[in-house]
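Below is one structure, written out as structure tokens; the observations come after it.
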Amino acid sequence: MRFTPYNPSPYSSKTTTHALRTPTITDKDAHSQLHPPKKKVPPKHRFEKCALFVPPKNTMGPGCIFAPAQPEGVPGPRFVRGGKQVLVFAAGFCGEKRGGDGEVEGGNGGGAGCAFTFRPPGWSRKGVFHDGTVGFRLESRGPPTPALRGSVVDVHTNERAELRAVIAALQFRRWDVEGWESVVVAVDSEYVVGGATEMVWRWREKKWRTVRKKVVLNRDLWEVLIQVVERMGRDGVEVLFWKIRKEDNVACGGARDASLLKEVDGEFTEYRGIEM
């Protein structure tokens, strides 16, 4: 993959929240995110599970490993390592702390916000500026899953918002069409990293029960994550998770801002970015 120089700093503290919906595309022959060209991926290059990303040195942060670059054939700049690996950040924030009885105990007065940063701030090839962060309120209901017989009423927590942000980041682009072999998801959540790289696969084998025979929380979102990861794996893209420090997660500000948005989707929404 060839690159062109890209100068703006990728780690700006200023973020702007966006609620981007799937655009309508009528030309099914167009080279687009909704109708990409088909490609055959050999079985040996397919991935079925998530892996843990291990940096060259534990003291290295995202900025030491991934550099902003403009890959050839990609509509906007990305955080890149080695030409075939791309980095995205994801974060969640719950503005209301709830006790065991469901009563609000405090917080910033907002709901739960989700955000992900998939590119450095800058202009796209079509002249559209984007700060690189997409933020949205956590939906009031979860995705409809056959096993759970419909949408599940959402209980807002930091963990659920973080997991939801990861799903949105992975669904936002067709990473295989852009030419990547792996996507690294950087989060400051042990819950997400440990769950995605190890526990969720055990939970599924145990019919979504923990070792203590309790029902797995956020099962609906975990099932969606598995579907997304397996689909990307069939397309030849491996998903890795990286536990980073909170101060290194550039998506955190966007998640906090998103928690204060008044507009919230009632149903689970799949976000797609075109020409970004």
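What the table shows:
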item	result
Cross-chain or 6+ apart pairs with Cβ under 6 Å, segment 82-96 first and at positive phi, then in a strand (DSSP E or B) and small (Gly, Ala, Ser)	none
Among residues of segment 45-81, those that are in contact (Cβ under 8 Å) with a residue 12 or more places away in the chain and within 24 Å of residue 122 (Cα to Cα), counted	20
Identity of the residue in segment 47-72, hydrophobic (A, V, I, L, M, F, W, C) and assigned to a helix (DSSP H, G or I), that ends up nearest to residue 225 (Cα to Cα)	65
Scan of segment 188-198 for residues that are outside any loop (DSSP other than H, G, I, E, B) and either touching a Leu at 6+ places or on another chain (Cβ under 8 Å) or crowded, with 17+ Cβ neighbours inside 10 Å (or both), ordered by number	191, 192, 193, 195, 196, 197
Residues that are closer than 26 Å to residue 166 by Cβ, of a type in the set (A, V, I, L, M, F, W, C) and either modelled with pLDDT under 65 or in contact with a Leu (Cβ under 6 Å, 6 or more places away or on another chain) (or both), drawn from segment 23-77	25, 34, 41, 51, 53, 66
Verdict on residue 185 being farther than 16 Å from residue 118 by Cα, outside any loop (DSSP other than H, G, I, E, B) and touching a residue at least 24 places away in the same chain (Cβ under 8 Å)	no
Some residue of segment 201-220 being buried (at least 21 other Cβ atoms within 10 Å of the Cβ), in a helix (DSSP H, G or I) and in contact with a Cys (Cβ under 9 Å, 6 or more places away or on another chain)	no
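Conditions tested, residue by residue: (1) assigned to a helix (DSSP H, G or I); (2) surrounded by fewer than 21 Cβ atoms within 10 Å (Cβ to Cβ); (3) modelled with pLDDT under 95.
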| position | (1), (2), (3) |
| --- | --- |
| 236 | no, yes, no |
| 253 | yes, no, no |
| 265 | no, yes, yes |
| 272 | no, yes, yes |
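One line per residue, one yes/no per condition, for (1) assigned to a strand (DSSP E or B); (2) surrounded by fewer than 20 Cβ atoms within 10 Å (Cβ to Cβ); (3) modelled with pLDDT of 95 or more:
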| position | (1), (2), (3) |
| --- | --- |
| 91 | yes, no, yes |
| 97 | yes, yes, no |
| 100 | no, yes, no |
| 110 | yes, yes, no |
| 136 | yes, no, yes |
| 160 | no, no, yes |
| 168 | no, no, yes |
| 180 | no, no, yes |
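The values are calculated or read from the model by the stated rules, or taken from the named source; none is laboratory data. Keep in mind the model is a prediction, meaning the values are calculated, not measured. Positions of Cβ are generated from backbone atoms using ideal geometry, with glycine treated the same way; all protein chains shown enter the neighbour counts.
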